[in-house]
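Every read-out reported here was derived from the displayed coordinates using simple, explicitly stated rules and does not represent laboratory data. Just so it is clear, the structure is predicted and the values come from calculations on it, not from any experiment. For neighbour counting, all protein chains shown are included, and Cβ atoms are generated from backbone atoms with ideal geometry for every residue, glycine included.
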Amino acid sequence: MRVINMGPDPSLAYRPNLKTNKTKEKEGYRNFESGDLIDRVFNTYKLMHTHQTVDFVNQMNSVWTGCSHYRLGMMDAIMSLDQLVDESDPDVDFPNSYHAFQTAEGIRQAHPDYDWFHLVGLIHDVGKTLALWDVPQWAVVGDTFPVGCQYQNSIVFRDNSFMDNPDEKNSRYNTEFGIYEPNCGLDKVHMSWGHDEYLYRVLRFNNGSIPEEGLYMIRFHSFYPWHSHGDYMHLCNEKDLRMMPWVQDFNKFDLYTKTTELPDVDKLKPYYQSLIDKYCPGILKW
């Protein structure tokens, strides 16, 4: 197990390239049809939709959910995201730590009494540290979806990105329910491997105290076919339906706070460190 020592902030290497006045209307977000970044985005999803299989997901769970690789405090993990630009995101081309504070501050303004919700906004993408630890981005970022059953039409690039996925042709996996029972609950569904599931497992492993609603936001915030399109409801149980509005509420802040107006991170750090100390303190195992 390695202890991570964080070096100097590399984000300044990205910031001079930011475009100004980049505030969007809501309809402008998640444009997967055109834009400056669309080739990069499609290539990331094509790799994801080729290689995210039942076998691959089982392999990644086996390797990573024992949390035996690294030791790192949560704030250091957040700031490490300054080394990462998400190759699946059509909306932003600046490091992820800024998006973390943007999301958290949007939630804090709207929900001042739910401090755990503010923290969830801050840390929700921290599982993307996997991309800094030699895991390819197609296995870290982007929208998630169940493996082991039929891929639904609302998945990004559904029509032209799954042709080389072996599970697509496997009769055990390509039916509506696949390997699952009706209304089995999302907890029993194998999601494509990525930063959502990884951070959820890290928090569980380290016995954090974020409420179940917050853990659901972390685990399923990238599951757009479910929370934004209503697919995969045949796999949901009553708990999933009860938690879904929380995930949808979170999604508004995750998506619509993405602008190039970057927050004053140094000014915000003390408040968010106090939340880390309350809900997921100390050096965590990853």
Can you pull the one-decimal nm distance between simple spin-label points at His69 and Arg158, each 7 Å off the Cα toward Cβ? 3.1 nm
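How do 71-80, 240-249 rank on mean C-beta neighbours within 10 Å, highest first? Mind dumping the intermediate values first?
Numbers: 71-80: 19.8, 240-249: 16.4.
Top to bottom by mean Cβ count within 10 Å: 71-80, 240-249.
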Among residues other than Pro166 whose Cβ falls under 14 Å from its Cβ, what is the net charge (Lys/Arg +1, Asp/Glu -1)? -2
Taking r as the C-beta separation of Ser209 and Asn183 and R0 as 25 Å, the FRET efficiency to the nearest 0.05 is 0.30
Label the range 202-286 by shape, choosing from rounded, prolate and oblate, from the square roots a ≥ b ≥ c of the eigenvalues of the Cα gyration tensor; if a/c is under 1.5 it is rounded, and otherwise prolate applies when a/b is larger than b/c, oblate when it is not. oblate
Packing-ranked peptide list from 132-138, 191-197, highest mean Cβ count within 10 angstrom first, is 191-197, 132-138
Between the range 45-81 and the range 267-282, the alpha-carbon center distance in angstrom: 24 Å
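Hey, which of these cross-link pairs are over 25 Å Cα-Cα: Lys128/Lys169; Lys252/Lys285; Lys188/Lys278; Lys128/Lys239; Lys46/Lys169; Lys169/Lys239?
With Cα atoms farther than 25 Å apart: Lys128/Lys169; Lys252/Lys285; Lys188/Lys278; Lys128/Lys239; Lys169/Lys239.
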Whole-Hz couplings from phi, Karplus 6.51/-1.76/1.60, listed for the range 207-214; x for Gly and Pro: 6, x, 10, 5, x, 4, 4, x
Once phi is turned into θ = phi - 60°, what whole-Hz ³J(HN,Hα) does the Karplus curve with 6.51, -1.76 and 1.60 give for every residue of the range 273-282, x standing for Gly and Pro? 5, 5, 6, 4, 5, 7, 10, 8, x, x
Here, Asn43 and Met233, labelled 7 Å along Cα→Cβ, have an inter-label distance in nm of 3.9 nm
